[in-house]
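The values are calculated or read from the model by the stated rules, or taken from the named source; none is laboratory data. If you're wondering where the values come from, they're calculated on a predicted model, not measured in any experiment. Cβ: placed from backbone, ideal geometry, glycine included. Neighbour counts: every protein chain shown.
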Amino acid sequence: MFSPAQSGANAYARVGVATGVMAASPHKLIAMLYEGARKAVAQARMHLQMGNVAPRCEAIGKAINIVESGLQLSLNLEVGGEIAQRLNALYGYITRRLLEANMEQSEAKLVEVDRLLATLEEAWSGIAEEADRLTRAQGGPGGGPMTR
């Protein structure tokens, strides 16, 4: 099904991603989660348009997993205050919309989710400089008040 070159390229990509994760700051890890969730949503849209049911479901499942197990679980609701609480609610909403998009085969809901994730990703990127300053001030790779 796949050529040896494709298999090797996939293995190389997995190693590259794993290395990037191991070397990333907590702030960068969240940025990578946003990027991964948006890529999964884009794949789901493509598979929806092509009528590929199983790959669409898989891509939506991946996006849900990233939102729930990555973004939502990284929130520190005790320390993050109102912002963390609102993000938690928004992540819950995104998950529901992804489930609805899958059940209803709704590209509009996938577009909505992508726009929400893009807005969050842009805001997160905008605080990169401040996050770096806080990390340096804390003397290490600490994550700040909203991440664990």
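Which members of the range 63-84 meet the condition of being closer than 24 Å to VAL111 by Cα and of a type in the set (S, T, N, Q)?
ASN65, SER69, GLN72
Just to be sure, is ALA13 at pLDDT below 95, in a helix (DSSP H, G or I), more than 13 Å from the chain's Cα centre (by Cα) and farther than 16 Å from ILE94 by Cβ? Write out each step before concluding.
Values: at pLDDT below 95: yes; in a helix (DSSP H, G or I): yes; more than 13 Å from the chain's Cα centre (by Cα): yes; farther than 16 Å from ILE94 by Cβ: yes.
So ALA13 passes the test.
Output the residues belonging to the range 50-78 that are of a type in the set (S, T, N, Q), out of contact with any strand residue (DSSP E or B) (no Cβ under 7 Å at 6 or more places or on another chain) and not in a helix (DSSP H, G or I). Lay out the reasoning, then the answer.
Step one: filter the range 50-78 for residues of a type in the set (S, T, N, Q), giving 52, 65, 69, 72, 74, 76.
The next check asks that each one be out of contact with any strand residue (DSSP E or B) (no Cβ under 7 Å at 6 or more places or on another chain); those that pass are 52, 65, 69, 72.
Passing the criteria: only ASN52.
I'd like the full set of residues that are of a type in the set (D, E, K, R) and within 16 Å of the chain's Cα centre (by Cα), limited to the range 92-115. Step through it out loud before you land on a result.
Narrowing the range 92-115 to residues of a type in the set (D, E, K, R): 96-97, 100, 104, 107, 109, 112, 114-115.
Within the range 92-115, ARG96, ARG97, GLU112, ASP114, ARG115 qualify.
Taking only pairs six or more apart or across chains, which ones have beta-carbon atoms under 9 Å, a first residue in the range 119-137 that is closer than 10 Å to LYS28 by Cα, and a second residue that is in a helix (DSSP H, G or I) and among the aromatic types (Phe, Trp, Tyr)?
TRP124/TYR34; SER125/TYR34; ALA131/TRP124
If you go through the range 97-110 one residue at a time, do you hit one that is in contact with a Ser or Thr (Cβ under 6 Å, 6 or more places away or on another chain), surrounded by 12 or more Cβ atoms within 10 Å (Cβ to Cβ), within 27 Å of GLU58 (Cβ to Cβ) and in contact (Cβ under 8 Å) with a residue 12 or more places away in the chain? Let's see the steps before the verdict.
Filtering the range 97-110 for residues in contact with a Ser or Thr (Cβ under 6 Å, 6 or more places away or on another chain) gives none.
No, the range 97-110 contains no residue that is in contact with a Ser or Thr (Cβ under 6 Å, 6 or more places away or on another chain), surrounded by 12 or more Cβ atoms within 10 Å (Cβ to Cβ), within 27 Å of GLU58 (Cβ to Cβ) and in contact (Cβ under 8 Å) with a residue 12 or more places away in the chain.
Every residue in the range 112-135 that is among the hydroxyl-bearing types (Ser, Thr, Tyr) and surrounded by 16 or more Cβ atoms within 10 Å (Cβ to Cβ), please.
If the condition is that a residue be among the hydroxyl-bearing types (Ser, Thr, Tyr) and surrounded by 16 or more Cβ atoms within 10 Å (Cβ to Cβ), then THR135 is the only one that fits.
From ALA128, ALA118, ALA137, ALA89, grab the single residue that is over 17 Å from the mean Cα position of the chain (by Cα) and among the aliphatic types (A, V, I, L, M). Show your work before the answer.
Values: ALA128 fails: over 17 Å from the mean Cα position of the chain (by Cα); ALA118 fails: over 17 Å from the mean Cα position of the chain (by Cα); ALA89 fails: over 17 Å from the mean Cα position of the chain (by Cα).
Unique residue meeting the criteria: ALA137.
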